[in-house]
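Here the structure comes first, spelled out in structure tokens, and everything after it is commentary.
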Amino acid sequence: MPTPTTPTDALDTVEAALTDPDRVQPWAELGLKEDEYARIREILGRRPTSSELAMYSVMWSEHCSYKSTKVHLKQFGELAQETTAGKMLAGIGENAGVLDIGQGYAVTFKVESHNHPSFVEPYQGAATGVGGIVRDILAMGARPVAVMDPLRFGPLDADDTQRVLPGIVAGVGGYGNCLGLPNIGGEAVFDETYLGNPLVNALCVGVLRHEDLHLAKASGVGNQVVLYGARTGGDGIGGVSVLASETFDEGGPAKRPSVQVGDPFMEKLLIECTLELFAAGVVAGIQDLGGAGLSCATSELASAGDGGMHVHLDRVPLRDSTLSPEEVLMSESQERMMAVVEPDDVAAFLAICAKWDVEAAVVGEVTDTGRLEIDWHGRRVVDVPPRSVAHDGPTYERPYARPDWQDALQADVAEALPRPAGGEELRATLLRMVASPNLCDKSWITDQYDRYVRGGTVLAQPEDAGMVRVDEETGLGVAVATDCNGRFAKLDPYAGAQLALAESYRNVATAGATPLAVSDCLNFGSPEDPGVMWQFAEACRGLKDACATLRTPVTGGNVSLYNQTGDTAILPTPVVATLGVIEDVTQRTPSGFRPVADGTPGDEVFLLGE
Amino acid sequence: MARVVVDVMPKPEILDPQGKAVQGALPRLGFSGVTEVRQGKRFELEVEGEATPERLEEVRRMAEVLLSNPVIEDFEVHVVDHTVAEAAGTVTGQVTA
Amino acid sequence: MARVVVDVMPKPEILDPQGKAVQGALPRLGFSGVTEVRQGKRFELEVEGEATPERLEEVRRMAEVLLSNPVIEDFEVHVVDHTVAEAAGTVTGQVTA
Amino acid sequence: MKVGVVTFPGSLDDVDAQRAVGLGGHEAVALWHGDADLRGVDAVVLPGGFSYGDYLRCGAISRFSPVMTEVVAAAERGMPVLGICNGFQVLCESHLLPGALIRNQRQKFLCLDQPLRIENNRTPWTSAYDEGAEVTIVLKNGEGSFVADTETLDRLEGEGRVVARYLGANPNGSLRDIAGICNERGNVVGLMPHPEHSVEELTGSGTDGLGFFTSLVAAAFA
Ligand SMILES: Nc1ncnc2c1ncn2[C@@H]1O[C@H](COP(=O)(O)OP(=O)(O)O)[C@@H](O)[C@H]1O
């Protein structure tokens, strides 16, 4: 064990920032642009300390700040924030949107990407992707009840697919199975463009009673800030800014491991512990720790609250005692949550954590200073307006332009392809199609996922939509489907996004549920490429227009950019997840025709539409 | 015939949920004084011929390519004169190099 | 502080699907001449104090009670002077006792 | 009857087992791993899941729980105990049942609707079935391959202690296609498949698993 490097005089404090104002800082290495660094100095009226610099750099990264996409995403906010079943209880901006589904129930769902980490280390990348989205759902006050996994890979027979695919599938399964969450659907799509950049999107659905809704905010001066769950280690340091926002071939120095290893057992305890904390009424505010770890949790909680927050960073339980304050702030160690707790409830809070063998530490308190103040062994290393970190990051109006190859691509119509002539060729075409990895049976993947746990799964693979029962007495349930055809989206991103919505909407409807709302995961190439940016803008516009027509709000989602290998971007892949409600799950309609069997007649088959 | 062992362990800076679970269980079973547990894998290989440097180098490559995941694990190759089965249940005590 | 290793291997007469799978994969990766692979576990423990016979006996009991399942596994306890991480990637070559 | 369902840290199918106990006509009583107390139950179910993450060996750590001391003592007095999947692994680790469960032959977690034959209907958990009954029950595990030495296997067969066997392709490499076994007295049953997921048409593989939960009554009045 190396000796701890706790407080030394090298510690960069607020005081040092004032007495040594001209110190040269590695803002560029941390991914900040010159004007962004200048803005930080302007906000603070001095140079940032290294801890502050770490926080800003990670929170102002593309991954956390959505700086290239905010201008396009904000149109989703113009959609009516209600569904046919009622008002949304929480919308975009919260960890996940929350919908009223009647009978006093609400559901929350969200889809997120974990693409780049899953390329580096398929098993752990996919596993921690599932873990992350589950904590998002949990943080809303909901019990997670099901997961789905829209996946994209390179060609099935490519060498790297042999490395990536089994690892990703095992990781999704390994984590979800161990949490006891049924996997009720997903996608497995193969295309050249995903070879060096597979997509791992993960979706989680959660259920809560209306009164159980919890929000991520730190209010109430004197309330205590508790960090609970796994210890903080050197995991994924630099992961957010380097891994998630830059393409691989640019590389980047990684002094600590950039891979996170998941501990699903810890997460299972965290779920049960957190639900018991909610039930005991000892949680005033809560936030999960995901990308950007404590930097994100502290600044978001504080800026959503009504005052400030004071954190003693050295009270964070560490797995590696050599971590510096900057690293503790940036660590992406998994399976952690942060709660705001009234002082009188702290003892009860800690007792529930102890019951579940979950380590917890009071690391700070809510103040009325309007500042986020962080100390390291009694010395101030951060003193910032929390909003400036969490919300007032830079916004870019990136140039976008329809690629010059778009016309040629669209002109190259399918009608120009040779058609099978005669029965033999038709037969050969059919066989080729049913054998193609994109169309073939997916049970070799889905058999690795537990679809039965919790005893509420009404529909799962191979159905068009997954469906779970919410209430055993009344039969109330929800259905979810995710879809996207990236080839359509490449041909026409506006229509492609609409088709993704239409398909998932149809899949939910044909299962017998009423579609209510959507979540999306927008996977694209580099926003610095005007052609990609155009695809992104068009897809957003298409999705928004289609949502307006169908009256489905977008409750939240996730953007993943820089999905490319060298100069080649992935197919634009706006994955759309639609959630619907069904009053009585016994009325669901499974897909597939039922044949004649022991006296019962077979299904009659109708073709609807043109 | 040579007996070669490849030991594979999670890198020290990487979380080891398995070792953590064991470490958490020990005090509950009345064992104290164990300050850290890491859990890894041990592969016992039987290799044709002598344990020549070339042969060992080949095993080293197997370890690198197949037996370990270099992103999260370290490994070490060594020649042994007995298997665990042959020493079953014992404390061999000796300090291994 | 002592570093103690517990090696746990499936008993020779017990099926070892993991070892089998590795053995099957080796030729496909172009490695030949490995006639048998068994996969087990390695636990690296850090133990307070010296590696006295009493301390090692305690570790032996941990191995017997928790770290191995006597129905299907054998184990061996030994003291080491370095961890796998410290030797990472190397062929230590020496014959371990 | 009152049937206890133990929750270990990492138990997943405990709520499902409670539901199945209810559908079987009994009262389910939640038991906590940390309490050395069976709360007056007449039978115990050890449910499926990944107790303690199953990182070391499945069931290896749970067997040391305070509640297990009570379960072992009660089982030795003849109380009906059913271990499902992870529960089966706990029973083997506790030496209430012989043998062990190791990694599936194909190294992968598998979830499927598995045909089985009930080989022994003389246990309190299987008396509702006809001997030789062929049923389909959900199977889901990563380490479900039952192994034991030949002598033990022969004894299990000879004493009629193989409770259920896989039909068709062996899903996990289990020796002699064994899906479930019982102790000498027959009151302790370990089963790899999950009858608690096969108790409702709507949410599982049919209702073939219900018999494991209705058998208790039949057994009580036998
Ligand atoms: N990665 C996956 N995870 C879970 N379920 C999947 C996955 N891939 C495909 N599925 C499921 O397999 C079934 C068939 O998938 P797919 O062939 O994509 O169907 P379709 O083309 O009708 O959408 C669906 O139920 C789908 O949800």
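The values are calculated or read from the model by the stated rules, or taken from the named source; none is laboratory data. No experiment lies behind these values; they were computed from the predicted model shown. Every residue, glycine among them, receives a Cβ derived from its backbone with ideal geometry; neighbour counts consider all protein chains shown. Side chains included, ligands, DNA and RNA excluded: accessible areas come from the protein's heavy atoms. Shrake-Rupley method; radii C 1.70, N 1.55, O 1.52, S 1.80 Å.
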Task: Accessible area buried, both sides summed, chains A and D with 1.4 Å probe, Å² - done: 2300
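Using packing as a proxy for protection, rank A:480-488, D:172-180, A:33-41, A:297-305 so that the peptide with the highest average count of other Cβ atoms within 10 Å comes first.
Put in order of decreasing packing, that is A:297-305, A:480-488, D:172-180, A:33-41.
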Task: Averaged over D:111-120, number of beta-carbon atoms from partner chains that fall within 10 Å - done: 2
- [ ] Round to a whole angstrom and tell me the spacing of the C-alpha centers of the stretch A:506-575 and the stretch D:110-173.
- [x] 48
Task: Cα gyration tensor shape of the stretch A:441-598, rounded if a/c is under 1.5, else prolate or oblate by comparing a/b with b/c - done: prolate
Task: Compactness of the stretch A:103-156, expressed as Rg and Dmax over alpha-carbon positions, Å - done: 13.5, 46
Task: Packing rank of A:274-280, A:362-368, D:53-59, where each peptide gets the mean count of other beta carbons within 10 Å, highest leading - done: D:53-59, A:362-368, A:274-280
TODO: Choose one answer from B:Leu26, B:Leu15, B:Leu67: the residue with the largest mean-square fluctuation in a GNM of chain B with alpha-carbon springs under 10 Å.
DONE: B:Leu26
- [ ] Can you tell me the FRET efficiency between A:Val71 and A:Glu425 if r is taken as the Cβ-Cβ distance and R0 is 60 Å, rounded to the nearest 0.05?
- [x] 0.75
TODO: Amide H neighbours of D:Trp32 under 5 Å, at least 5 residues apart or on other chains, H built in the peptide plane: list them.
DONE: D:Thr7
TODO: Kindly give the semi-axes, whole Å and largest first, of the ellipsoid equivalent to chain B, taking each as the square root of 5 times a Cα gyration tensor eigenvalue.
DONE: 28, 19, 9
TODO: In whole Hz, with x marking every Gly and Pro, tabulate ³J(HN,Hα) for the stretch A:68-78 from phi via Karplus 6.51 cos²θ - 1.76 cosθ + 1.60, θ = phi - 60°.
DONE: 8, 10, 3, 4, 8, 5, 5, 5, 5, x, 7
Task: Principal axis dimensions, largest first and in whole angstrom, of the stretch D:46-177 by Cα - done: 38, 35, 28
TODO: In nm, give the distance between the simple-model label positions of A:Arg432 and D:Arg39, each being 7 Å from the Cα along the Cα-to-Cβ direction.
DONE: 6.3
TODO: Mind jotting down a quarter of the surface of the convex hull over the alpha carbons of chain D, in square nanometres, one decimal?
DONE: 10.5
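Apply 1/(1 + (r/R0)^6) to the Cβ-Cβ distance of A:Gln587 and C:Glu86, taking R0 = 60 Å, and write down the FRET efficiency to the nearest 0.05.
0.40
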- [ ] Please list the non-local residues whose amide H lies under 5 Å from the amide H of D:Gly173, H modeled 1.01 Å from N, same-chain partners needing a gap of 5 or more.
- [x] D:Gln105
- [ ] Would you work out which of D:Thr126, A:Ala361, A:Val453 lies farthest towards the positive end of the dipole of the protein assembly as shown, given +1 charges on the beta-carbon of Lys and Arg and -1 on that of Asp and Glu, about the Cα centre?
- [x] D:Thr126
- [ ] Sort shortest first the distances from C:Ala88 to its counterpart in every other copy, using label points 7 Å along the Cα-to-beta-carbon line, and give them in nm.
- [x] 3.6
Open item on the list: Beyond a 31 Å Cα-Cα separation, which of these cross-linked pairs lie in this structure: A:Lys110/D:Lys2; C:Lys41/D:Lys2; A:Lys70/A:Lys490; A:Lys110/D:Lys108; A:Lys217/A:Lys268?
Closed with: A:Lys110/D:Lys2; C:Lys41/D:Lys2
- [ ] Just grab the label-to-label distance for A:Ala348 and A:Asp368, each label 7 Å out from Cα along the Cβ direction, in nm (one decimal).
- [x] 2.6
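Quantify how much of the Cα-Cα distance distribution of chain A extends past 46 Å, in percent.
Details: 26842 of 185745 pairs.
In whole percent, the long-distance tail amounts to 14.
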Open item on the list: Can you list residues from other chains, or at least 5 along the same chain, whose modelled amide H is less than 5 Å from the amide H of A:Gly557?
Closed with: A:Asp520
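Report, to two decimal places, the Cα Rg of the stretch D:1-80 normalised by 2.2 N^0.38 Å (N = number of residues).
Compactness ratio reported: 1.04.
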Open item on the list: Please compute the average number of Cβ atoms from other chains found within 10 Å of each residue's Cβ in peptide B:59-69.
Closed with: 4
Open item on the list: Counting only protein heavy atoms and a 1.4 Å probe, tell me what percentage of the stretch D:2-220's accessible area is made up of carbon and sulfur.
Closed with: 45
TODO: Rounded to whole Hz and in sequence order, give me ³J(HN,Hα) for the stretch A:585-599 from the Karplus expression 6.51 cos²θ - 1.76 cosθ + 1.60, θ = phi - 60°, writing x for Gly and Pro.
DONE: 5, 5, 8, 4, 10, x, 8, x, 8, 8, x, 4, 8, 4, x
Task: Length added when fully stretched, A:Asp598-A:Leu439, from 0.36 nm per residue minus Cα-Cα - done: 54.1 nm
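Using the Cα centre as the reference, give the magnitude of the dipole from point charges on the C-beta atoms of the stretch C:2-93 (Lys, Arg: +1; Asp, Glu: -1; all else neutral), rounded to the nearest 20 debye.
For this selection, approximately 560 debye.
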Open item on the list: With the crude spin-label approximation of a point 7 Å out along Cα→Cβ, what separation in nm comes out for D:Glu159 versus A:Ala361?
Closed with: 5.2
Open item on the list: Using only DSSP helix segments of four residues or longer, with each worth -39500 (n - 2.57), what per-residue ellipticity at 222 nm results for chain A after dividing by its residue count and rounding to 500?
Closed with: -9500 deg cm²/dmol
Task: Full-stretch length increase - D:Ala30, D:Thr207 - with 0.36 nm per residue and alpha-carbon distance subtracted - done: 61.4 nm
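Using only protein heavy atoms and a 1.4 Å probe, how much accessible area in total is buried between C and B, to the nearest 100 Å²? Before the final figure, lay out each step's value.
Numbers: alone 7220 and 7160 Å², together 9130 Å².
Counting protein atoms only, the buried area is about 5200 Å².
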TODO: Kindly provide the Kirkwood hydrodynamic radius of the stretch A:33-184 in Å, to one decimal, from all pairs of distinct alpha carbon atoms.
DONE: 18.5
Task: ³J(HN,Hα), Karplus 6.51/-1.76/1.60, whole Hz, each residue of the stretch B:52-61, x for Gly, Pro - done: 6, x, 5, 5, 5, 5, 5, 5, 4, 5
Open item on the list: I'd like the FRET efficiency for A:Glu397 and A:Glu78, computed as 1/(1 + (r/R0)^6) with the beta carbon distance as r and R0 of 22 Å, rounded to 0.05.
Closed with: 0.75
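Which value, in Å to one decimal place, does the Kirkwood hydrodynamic radius take for the stretch A:1-112 when every pair of different Cα atoms is included? Numbers along the way, then the final one.
Details: mean 1/r = 0.0559 Å⁻¹.
One decimal place: 17.9 Å for the Kirkwood radius.
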- [ ] Evaluate the charge dipole of the stretch D:2-220 about its Cα centre and quote only its size in Debye, nearest 20, assuming +1 on the Cβ of each Lys and Arg and -1 on the Cβ of each Asp and Glu.
- [x] 340
- [ ] Find the all-direction average of the projected area of the Cα convex hull for the protein assembly as shown, expressing the result in square nanometres with one decimal place.
- [x] 43.3
Task: Restricting the stretch A:440-497 to GluC sites (Glu not before Pro) in coil, as DSSP defines it, with at most 10 other Cβ within 10 Å - done: A:Glu473
Task: the stretch A:408-455 - Rg over Rh from alpha carbon coordinates, Kirkwood radius - done: 1.26
TODO: Kindly give the distances from B:Arg28 to its copy-mates, label point to label point, with each label point 7 Å from Cα along Cα→Cβ, as nm values to one decimal ordered shortest first.
DONE: 3.8
